[in-house]
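Heads up, the thing below is written out as structure tokens.
The values are calculated or read from the model by the stated rules, or taken from the named source; none is laboratory data. Predicted model only: the values in this text are computed from it and were never measured. All Cβ positions, even for glycine, are placed from backbone atoms using ideal geometry, and neighbour counts span all protein chains on display. Quick note on the areas: whole protein, heavy atoms, side chains included, nothing else; ligands and nucleic acids left out. Shrake-Rupley method; radii C 1.70, N 1.55, O 1.52, S 1.80 Å.
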Amino acid sequence: MGVILADFEAMWRELAPIGRSASSGGYFRQPFTPAERECHAWFVAQCETRGLEVESDPVGNTVGWWRPSGPAADEPAVLTGSHLDSVLDGGAYDGPLGVVSALAAIDLLRDRGFTPQRPIMVGAFVEEEGSRFGLACLGSRLATGQTTWAQARDLTDRDGVRFGDALESAGIEPDPGHVVWTKLRERIACFVELHVEQGRDLVDREVPVGVASAIWPHGRYRFDFAGEANHAGTTRMEDRRDPMLTYAMTALAANKQARLGGQRATFGRVDVRPNGTNAVPSRVTAWLDARAESTPALEVLLAEVERQARDRAGRDGTALSVTAESVSGEVTFDVDLTARLAAPGGLPVIPTMAGHDAGVLARAGVPTAMLFVRNPTGVSHSPAEHAETADCLAGVEALADTLERLAGDGG
Ligand code: GLV
Ligand code: MN
Ligand code: MN
């Protein structure tokens, strides 16, 4: 493992400064920005150094192929990897850990003298977080046809830049006529994504590596509250139509509703117009991230938050519209594949409330499973996210063992 430790640490050191904020220590790697492109170029160079054949699709999803010789070169591949983009001010591990571990697992397999009997592919999907264009797992959704080019091209970022234009500025020629990776299902035998754990389950169990069982359904909903701009001093309290009040009460209602149901509801982003201290705002736009254990439960949660928001809007004299921007259904990972990952090491099998490209591929019918690496802080989507190197190496070893079984003689 000494070689792999040096290898893992060298890759981690190279990625560490890219897109890192000097003030918070968090990462800003939004898709098609210079920082994310630098990570992408780093990934391509790492694949090339290892002699992997690099292929990108027309939206920037990129894979490196390790092909066996002979007819097996065209067999469906075992795909592993993750993503390199981050949320705003995110942690170092969410995404990159899966990509670096996949590369390190290839090195470990070669160190063991392993020769694949079917191709192994290491991949990095674009815009997994939906932090720029609002749609979670946009790259893998496009790759699997769950989102079409027509739906994606006009999505805009906060500065009004269209997705299609962002791709072109990054030198990627989107090809609307080409349905991205149309034959994905035929080219991929299965997908195993390694990811940092985003909670405390493995910490509590005192084990470094676990396997995912399922992903909760989740969605992002834009709440537009419209009121009337007016003077903060001269407008009597009873004469106001203040959308901030409706929003504030909605945030409290969402929190209470999710607590009552053992679910999740978060307003993490708010846009206020005109955003002046001495004026009642004219408009508040707020994004609700809601998650629940089943699709019906998620629908009930959203409906109840919306009902309470409308009720309050009626009393505040404001107007409300709600738009679903990104909805991801529930996912149960492939039972056989999950058992094959968990059985040899007796790894715990745990559910997650976080979204992943693995969920999108699973919904596309690709047998999919996930490995989680313990996160001692339990914190994620924050600079405090962490994983100890020894745990990361345990993850690399579990991934290499998995790839060996899936792409070896018995695969
Ligand atoms: C992605 O990490 C998500 O769960 O939102
Ligand atoms: Mn994430
Ligand atoms: Mn992730």
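So what's the angle, to the nearest 10 degrees on a 0 to 90 scale, between helix 243-261 and the longest Cα principal axis of the chain?
Between the helix axis and the principal axis of the chain, the angle is about 50 degrees.
Accessible surface of Arg67 in the full protein assembly, 1.4 angstrom probe, to the nearest 10 Å²?
80
Report the semi-axes of the equivalent ellipsoid for the chain in whole Å, largest first, where each axis is √(5λ) for an eigenvalue λ of the Cα gyration tensor.
Equivalent ellipsoid of the chain: 41, 22, 20 Å, largest first.
Whole Å is fine, so just give me how far the alpha carbon centre of the range 1-30 lies from that of the range 337-360.
Each part's Cα centre sits 25 Å from the other's.
Using the Cα centre as the reference, give the magnitude of the dipole from point charges on the C-beta atoms of the chain (Lys, Arg: +1; Asp, Glu: -1; all else neutral), rounded to the nearest 20 debye.
1060
Under the rule a/c < 1.5 gives rounded, and otherwise a/b versus b/c splits prolate from oblate, where does the range 333-381 land using the Cα gyration tensor?
Note, shape of the range 333-381 comes out oblate.
Classify the range 1-133 as rounded, prolate or oblate from the Cα gyration tensor: take a ≥ b ≥ c as the square roots of its eigenvalues, call it rounded if a/c is under 1.5, otherwise prolate when a/b beats b/c and oblate if not.
Cα axes put the range 1-133 in the oblate bin.
Arranged from highest to lowest average of other beta-carbon atoms within 10 Å per residue, in what order do the peptides 155-168, 379-392 appear?
Final packing ranking: 379-392, 155-168.
Averaging sequence separations of C-alpha pairs under 8 Å and six or more residues apart, then dividing by the length of the range 14-112, give the relative contact order as a whole percent.
Normalised by residue count, the contact order of the range 14-112 is 28 percent.
Under a Cβ-Cβ cut-off of 13 Å, what is the net charge of the residues other than Gln151 that fall near it, where Lys and Arg count +1 and Asp and Glu count -1?
That works out to +1.
Could you tell me what % of all Cα pairs in the range 258-298 have separations over 15 Å?
When all Cα pairs of the range 258-298 are counted, 55 percent exceed 15 Å.
Helix 295-316 against the longest principal axis of the chain: what's the angle in degrees, Cα atoms only, rounded to the nearest 10?
With rounding to tens, the tilt is 20 degrees.
Subtract the Cα-Cα distance of Asp311 and Glu186 from 0.36 nm times their separation in residues, and report this length gain in nm to one decimal.
40.0 nm is the gain from fully extending Asp311 to Glu186.
Can you give the FRET efficiency for Val300 and Met353, using 1/(1 + (r/R0)^6), R0 = 22 Å, r = Cβ-Cβ distance, to the nearest 0.05?
After rounding, the FRET efficiency stands at 0.85.
Give the Cα extents of the range 73-221 along the principal axes, in whole Å, largest first.
Computed over the Cα atoms, the extents are 48, 42, 27 Å.
Contour minus end-to-end for Ala232 and Asn278, with contour as 0.36 nm per residue of separation and end-to-end as the Cα-Cα distance?
16.1 nm
Lys/Arg Cβ at +1, Asp/Glu Cβ at -1, dipole of the range 26-139 taken about the Cα centre: which of Ala73, Leu103, Gly130 is farthest positive-ward?
Checked the options; the winner is Ala73.
With all protein chains present, calculate the accessible area of Cys190 using a 1.4 Å probe and round the result to the nearest 10 Å².
10
Working only with C-alpha atoms, what are the Rg and Dmax values of the range 206-309, expressed in angstrom?
Spelled out, the Cα radius of gyration and Dmax of the range 206-309 are 17.5, 61 Å.
When all C-alpha to C-alpha distances in the range 204-246 are sorted into bins of 5 Å, what percent of pairs does each bin hold, rounded to whole numbers?
Calculated P(r), rounded to whole percents: 5, 13, 16, 10, 7, 7, 6, 6, 9, 6, 8, 7, 0.
Rank Gly408, Ala390, Gly359 by how far each Cα sits towards the positive end of the charge dipole of the range 358-411 (+1 on Lys, Arg Cβ; -1 on Asp, Glu Cβ) and give me just the farthest.
Sorting the options by dipole projection puts first Gly359.
Would you work out the charge dipole size for the range 302-411 about its Cα centre, treating the Cβ of every Lys and Arg as +1 and the Cβ of every Asp and Glu as -1, and quote it to the nearest 20 debye?
In total the dipole reaches around 420 debye.
Applying 1/(1 + (r/R0)^6) with R0 = 35 Å to the Cβ-Cβ distance of Asp271 and Thr148, what FRET efficiency is obtained, to the nearest 0.05?
0.80
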